[in-house]
Amino acid sequence: MQEGDSRRGPGAAAPARATGTREKILAQSLALFNARGLGRVTTAEIAAASGIREGNLQYHFPRKSGLVEALFAAFEVEAEAVAGRMPADPAAPEALLDYQRGWFDLIWRYRCIYRDGIAMVEIASALRPRVHALRVRTQALARGVFEAAVRAGRLRIEPDALGRLIDNAWIVSSHWMSHRLQGNTELTQADLDWGFAQVRDLFAPYLVVDGTR
């Protein structure tokens, strides 16, 4: 019988408990993966951090690949929401910075996905096409936000150049962690601020302030 099966009858509380356990496993997995790396954390360690037996974890996620896929699915939902979050006033001076900061906050919450991308698709090879598809969708959503800023007079840039700018921002957003980790063992808030500054400064030449760049 599958989790959530209506044939459970009077014992209807079980699916809610199961859902709660599953979410706890995902939360603990994300914390451990962020701290130590996708390839360095075992399911036994995840079970211990979640306060359950490893067999219980395997009930929800028989393989580590399924756990990684579930985390990526959660990231997909949040990434599309953040990428498509149109500022209330695209002409406001802080609108684009707030939008970009929201993306970097998301990157930080799911930093294992960016930092350990190669390990992620090695563990869960089914994610490879989904990673590419998510990039295409989020870039299209981001372009809509930046085109709104152009129409509002906050950005001054030609359409082709905007496409290149978005590509460059994606490259920096995706790979700044690897650059900062050279010679280091972990990332800090200071590293996050550094990465954000790199992307912010890509847009600086095109920002319009008081009618001028």
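None of the figures in this text is laboratory data; all of them are computed from the coordinates on show. Predicted model, so just to flag it, every value in this text is computed and none were measured. So basically every Cβ, Gly included, is an ideal-geometry build from the backbone, and we count neighbours across all protein chains shown.
A few points about this structure:
- Pairwise FRET efficiency - residue 118 versus residue 31, Cβ, R0 = 22 Å, nearest 0.05: 0.55
- Most fluctuating residue given options 25, 46, 118, as computed from a GNM of the chain linking Cα atoms under 10 Å: 118
- Estimated distance in nm for a label pair at residue 24 and residue 189, the labels positioned 7 Å out from Cα along Cα-to-Cβ: 2.9 nm
- With the convex hull constructed from alpha-carbon coordinates only, the chain shows a mean projected area of 14.4 nm² over all directions.
- Considering only 137, 180, 164, the mean-square fluctuation computed in a Gaussian network model of the chain, springs between alpha carbons under 10 angstrom, is largest for 164.
- Relative to the longest principal axis of the Cα atoms of the chain, helix 64-83 runs at roughly 30 degrees.
- The chain: most fluctuating residue of 201, 160, 105 per GNM, C-alpha cutoff 10 Å: 160
- Charge tally around residue 112: other residues with Cβ under 11 Å, Lys/Arg +1 each, Asp/Glu -1 each, net +4.
- Between region 140-197 and region 34-113, the Cα center-to-center distance that results, in Å: 19 Å
- In region 34-97, the GluC sites (Glu not before Pro) that fall in loop regions by DSSP, at most 14 other Cβ within 10 Å: 94
- Separation in nanometres of the label points that stand 7 Å from Cα toward Cβ, at residue 197 and residue 151: 3.5 nm
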